[in-house]
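Okay, structure first, notes after.
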């Protein structure tokens, strides 16, 4: 069998008999396990002894002393000189089976102590005798990792399941609203209430890896891309902070950010490999970060006027680019394929959440109703203003929208961008609605004009939104405000209207007496 054919079928294990090469005086090499899973323990088992050529291009295998390679084994054979070869027809897939694993653990000799990856760092077995090795992870019951040769040094990528993920069991993962500074699970929620002009703090969190493995094919991840699309929100780009592990990244050095002028969507790109002088023979295309890292983005968004009538949302889509060989420069004319990070499934404690990566901001409305203080009948014509305190304080501006009012818009500095108006009760049912308010707050209503014939109120009326069991939920409020009719004041000068009432009453009484007298006279006749 030709050498290149053997190389293809054995994949990472190179088996060559080169008896005429000068053997390197060195007898040890190393095995490095890259893409190691954090906290996972690894072990290596030597299956065959080996000698390596001086230039490191050839390797020859023999059965270790005290071992017998039975012809009945399915994978390897030896010739009369004791050299070991792969059997005809055996492929790398045949070495990735439970049967081979069982044979390798029984036939092989464990070398050195187990090694555990810390923070996802690579695991290195140094001063390893030349040979053909079976590498396994012991924490998951001896999962098969790879077979490879020290020639003299080899790097193996752990084909583990530590691909980029959004952990459904972590309430802080995915896209959430930050309601507290502490990074505990109760400090991140999917629903909250804010008012127009408020700033909402958001967080995006996911687990990034250097490689992605599918069907035992491992590819390097070259960049991560986060696209956050707002509805009724304005993303404040300058508030963005990006962290990878404990490191805070630098804008335009470690990542880039842009805002689409039409949709308002924010795109954050984090390069994940070193692309400098890629393809020029230098060590490039290598990962910039540890094999497993937690990526966290925090920023604020401004609630826009549209939130008065429909929820404000901010959907995050996380994806990555990958290449089989990251050392090859990218073709700028090639398409930009992106693979989405597995979306976060509904959390076990909230399976009804329809879109776990799309938190929702809700605003609330206040309905003012003017009624007569005695008859409770509806009144119109009253005018009001809103304040944030029972006395003095600051006016809360509102603007008119169709048949309702809403809070006036603000900029990122908290300054109003719209002129306010007074609230006028025009509906015949005596009600007027104010939308876009933050729940769980108290609003103070000051009457500036009373209905005609009624006294204007001298103090503000408080309307407090109602808290439900869930502290993130508030309720719309109806505030009924009573007005009393005015009492006529006494007057001086002129004859006034009283004399007319008196004269009129006397005349009525006279008419009645005259009519009674005439009836009696007719009866006597």
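The values are calculated or read from the model by the stated rules, or taken from the named source; none is laboratory data. Being a predicted model, the structure only gives us computed values, none of them experimental. Positions of Cβ are backbone-derived with ideal geometry, glycine not excepted, and every protein chain shown enters the neighbour counts.
Can you tell me which residues in the range 67-81 are within 24 Å of residue 105 (Cβ to Cβ) and in contact with a strand residue (DSSP E or B) (Cβ under 9 Å, 6 or more places away or on another chain)?
Passing the criteria: 67, 69, 71, 75, 76, 77, 78.
When each of 398, 421, 425, 432 is tested for being surrounded by 18 or more Cβ atoms within 10 Å (Cβ to Cβ), closer than 24 Å to residue 198 by Cα and free of Cβ contacts under 8 Å to residues at least 60 places away in the same chain, the lone residue that passes is 398. Only residues that are in contact (Cβ under 8 Å) with a residue 24 or more places away in the chain and surrounded by 13 or more Cβ atoms within 10 Å (Cβ to Cβ) were counted in the range 48-68, giving 13. Kindly evaluate residue 410 against the criterion of being touching a helix residue (DSSP H, G or I) at 6+ places or on another chain (Cβ under 9 Å) and in contact (Cβ under 8 Å) with a residue 60 or more places away in the chain. No. Just one of the numbered conditions (1) loosely packed, with under 14 Cβ neighbours inside 10 Å; (2) without any contact (Cβ under 8 Å) to a residue 24 or more places away in the chain; (3) touching a strand residue (DSSP E or B) at 6+ places or on another chain (Cβ under 9 Å) is not true of residue 127: (2).
Can you pull out the residues in the range 82-94 that are under 22 Å from residue 109 (Cβ atoms) and exposed (fewer than 15 other Cβ atoms within 10 Å of the Cβ)? Passing the criteria: 82, 87. Within the range 265-288, being assigned to a loop (DSSP other than H, G, I, E, B), modelled with pLDDT of 85 or more and buried (at least 18 other Cβ atoms within 10 Å of the Cβ) holds for one residue alone: 272. Within this structure, residue 418 fails the test of being out of contact with any helix residue (DSSP H, G or I) (no Cβ under 6 Å at 6 or more places or on another chain) and assigned to a strand (DSSP E or B).
Which residue is modelled with the lowest pLDDT, if the candidates are limited to the range 85-102 and must be under 15 Å from residue 135 (Cβ atoms) and assigned to a helix (DSSP H, G or I)? Result: 92. The single condition among (1) assigned to a loop (DSSP other than H, G, I, E, B); (2) modelled with pLDDT under 95; (3) over 17 Å from the mean Cα position of the chain (by Cα) that residue 169 does not meet is (3).
When the range 377-388 is filtered for residues that are in a loop (DSSP other than H, G, I, E, B) and surrounded by 12 or more Cβ atoms within 10 Å (Cβ to Cβ), the ones remaining, listed by number, are 379, 380, 381, 382, 388.
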